[in-house]
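Mind looking over this structure? Questions follow.
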Amino acid sequence: NNSKINVSTIGANSSALGIYALVSQDGHISIYNNDEITASTTGYYSNAYGIEAYQYNGGTVSINNSGIITASSKFGNSIGIRSVSTISDVSISSQGKIYAESAFGNAYGIYAHNEYGEINVNNNGDLFIYSNGSGAGQRAIGVYTVNSNGNTHISNDGNLDIVSNYYQ
């Protein structure tokens, strides 16, 4: 992506997706962002994703961001970059800026989930992550990974500004 993307939704149970890639059979996903992506939603139970990639059966996922990603949701989750894979390696690299903000949900800068494969996350950019809700479980996380049966490697040389108003 070398041009600006601006996506917004207002309906309930909707998703604002700046870039979305899905491969349900063998095949690779490669996403490069060099510009601005803005995904925002104000609907109830609606999520905002700057970049989202799903690989369900055998190819690798590679995401590289050197631009600016903004994901904003009023009543749902906000994620700057999200990748989900079942049996392949995931690589996410960001040298740009990621803003993720949710008024009443979770906010993540980078989110990676893998069942059987490696997860590699390299952040050299700036992450600004805010969750303003005060409900149980609402959180703000810079880099979040879940790997059931593989190795995870995370490196960060960027600035992190992470705020959650959740309290017990």
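The values are calculated or read from the model by the stated rules, or taken from the named source; none is laboratory data. Since we're looking at a predicted model, the values are computed, not measured. Glycine gets a Cβ as well: all are built from the backbone with ideal geometry, and neighbour counts include every protein chain shown. In case anyone asks, the SASA skips ligands and DNA or RNA and just uses the protein heavy atoms, side chains included. Shrake-Rupley method; radii C 1.70, N 1.55, O 1.52, S 1.80 Å.
Using beta carbons and a limit of 8 Å, which pairs, at least six apart or on different chains, have the first residue in segment 146-163 and more than 17 Å from Ile129 (Cβ to Cβ) and the second one aromatic (Phe, Trp, Tyr) and open to solvent by 60 Å² or more (accessible area, probe 1.4 Å)?
Within 8 Å, the pairs are Ser148/Tyr116; Asn149/Tyr116; Gly150/Tyr116.
Can you find even one residue in segment 136-156 that is closer than 18 Å to Arg82 by Cβ, touching a Lys or Arg at 6+ places or on another chain (Cβ under 6 Å) and modelled with pLDDT of 95 or more?
No, every residue in segment 136-156 fails to be closer than 18 Å to Arg82 by Cβ, touching a Lys or Arg at 6+ places or on another chain (Cβ under 6 Å) and modelled with pLDDT of 95 or more.
Among Asn64, Asn6, which is the only one that is of a type in the set (S, T, N, Q), in contact with a strand residue (DSSP E or B) (Cβ under 7 Å, 6 or more places away or on another chain), in a strand (DSSP E or B) and within 25 Å of Tyr116 (Cβ to Cβ)? Let's see the steps before the verdict.
Details: Asn6 fails: within 25 Å of Tyr116 (Cβ to Cβ).
Residue meeting the stated conditions: Asn64.
Determine, yes or no, whether Asp89 is buried (at least 18 other Cβ atoms within 10 Å of the Cβ) and either closer than 19 Å to Val23 by Cβ or not hydroxyl-bearing (Ser, Thr, Tyr) (or both).
On the way: buried (at least 18 other Cβ atoms within 10 Å of the Cβ): yes; either closer than 19 Å to Val23 by Cβ or not hydroxyl-bearing (Ser, Thr, Tyr) (or both): yes.
Yes: the conditions hold for Asp89.
While we're on this one: When you check Ser62 against the structure, is it modelled with pLDDT of 95 or more, of a type in the set (S, T, N, Q), under 13 Å from Ser85 (Cα atoms) and out of contact with any helix residue (DSSP H, G or I) (no Cβ under 7 Å at 6 or more places or on another chain), yes or no? Quick ask: steps written out before the conclusion?
Numbers: modelled with pLDDT of 95 or more: yes; of a type in the set (S, T, N, Q): yes; under 13 Å from Ser85 (Cα atoms): yes; out of contact with any helix residue (DSSP H, G or I) (no Cβ under 7 Å at 6 or more places or on another chain): yes.
Spelling it out, Ser62 is indeed modelled with pLDDT of 95 or more, of a type in the set (S, T, N, Q), under 13 Å from Ser85 (Cα atoms) and out of contact with any helix residue (DSSP H, G or I) (no Cβ under 7 Å at 6 or more places or on another chain).
Go over the candidates Thr42, Thr60, Thr70 one by one and state the one that is open to solvent by 10 Å² or more (accessible area, probe 1.4 Å), among the polar types (S, T, N, Q), touching a residue at least 24 places away in the same chain (Cβ under 8 Å) and over 17 Å from Phe104 (Cα atoms).
Selected residue: Thr60, the only one of Thr42, Thr60, Thr70 that is open to solvent by 10 Å² or more (accessible area, probe 1.4 Å), among the polar types (S, T, N, Q), touching a residue at least 24 places away in the same chain (Cβ under 8 Å) and over 17 Å from Phe104 (Cα atoms).
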